1. Quick check on the stretch 70-102: of everything there that is part of a loop (DSSP other than H, G, I, E, B) and at pLDDT 80 or above, which residue is surrounded by the fewest Cβ atoms within 10 Å (Cβ to Cβ)?
2. If we scan the stretch 39-60, do we find a residue that is surrounded by fewer than 17 Cβ atoms within 10 Å (Cβ to Cβ), among the acidic types (Asp, Glu) and either more than 22 Å from residue 79 (Cα to Cα) or at pLDDT 90 or above (or both)?
3. Inside the stretch 55-69, can you point out the residues that are of a type in the set (Gly, Ala, Ser), closer than 14 Å to residue 28 by Cβ and part of a helix (DSSP H, G or I)?
4. Scanning for something surrounded by fewer than 12 Cβ atoms within 10 Å (Cβ to Cβ) and within 17 Å of residue 68 (Cβ to Cβ), does the stretch 1-14 turn up at least one residue?
5. Go through the stretch 15-31 and report how many residues are of a type in the set (Val, Ile, Thr), surrounded by fewer than 16 Cβ atoms within 10 Å (Cβ to Cβ) and either more than 26 Å from residue 78 (Cα to Cα) or in contact with a Phe, Trp or Tyr (Cβ under 8 Å, 6 or more places away or on another chain) (or both).
6. Looking at residue 70 and the list (1) more than 14 Å from the chain's Cα centre (by Cα); (2) closer than 17 Å to residue 37 by Cβ, which single condition is not satisfied?
7. Checking the structure you have, find out if any residue of the stretch 43-54 is under 24 Å from residue 88 (Cα atoms), in a helix (DSSP H, G or I), touching a residue at least 12 places away in the same chain (Cβ under 8 Å) and small (Gly, Ala, Ser).
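The values are calculated or read from the model by the stated rules, or taken from the named source; none is laboratory data. Because the structure is a prediction, the values reported are computed rather than measured. A quick note on method: Cβ atoms are made from the backbone with ideal geometry, for glycine too, and the neighbour counts reach across all protein chains shown.
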Amino acid sequence: MQLSELTKTQFRFIIHLADRFADADTIPGEFTRSELRKHAAYGGWSWAPAWIVKDESRRTTRGAYSVPELTEYMNLPQTDRDQIRATDNPDPRVLFGQVATAEETEDEPEPATV
């Protein structure tokens, strides 16, 4: 899954993980279920995200899951990440061009005919 395919809630979790690893030298590519649960709890979620732990394609070994979206997010330029963090409830589909914004979809007024 790519960042542009995430829901707002999923994207908020990726941003939360990125904030937790902002000062780390390396960004982990995989997490155990207990690590995901710990990070989720720190961010106010009750459980490890089901969209990660229930997705068989993310399982790397028993109890470990790949989260490539974190690396993708961390590879964005710092200015882009700062802008995303400053956005209230960012929608990744809009941010990454998958859905047009309201301004982009407004039709220009028809010229008046005489």
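1. 77
2. yes
3. none
4. Yes.
5. The qualifying residues number 1.
6. (1)
7. No, there is no match, as no residue in the stretch 43-54 is under 24 Å from residue 88 (Cα atoms), in a helix (DSSP H, G or I), touching a residue at least 12 places away in the same chain (Cβ under 8 Å) and small (Gly, Ala, Ser).
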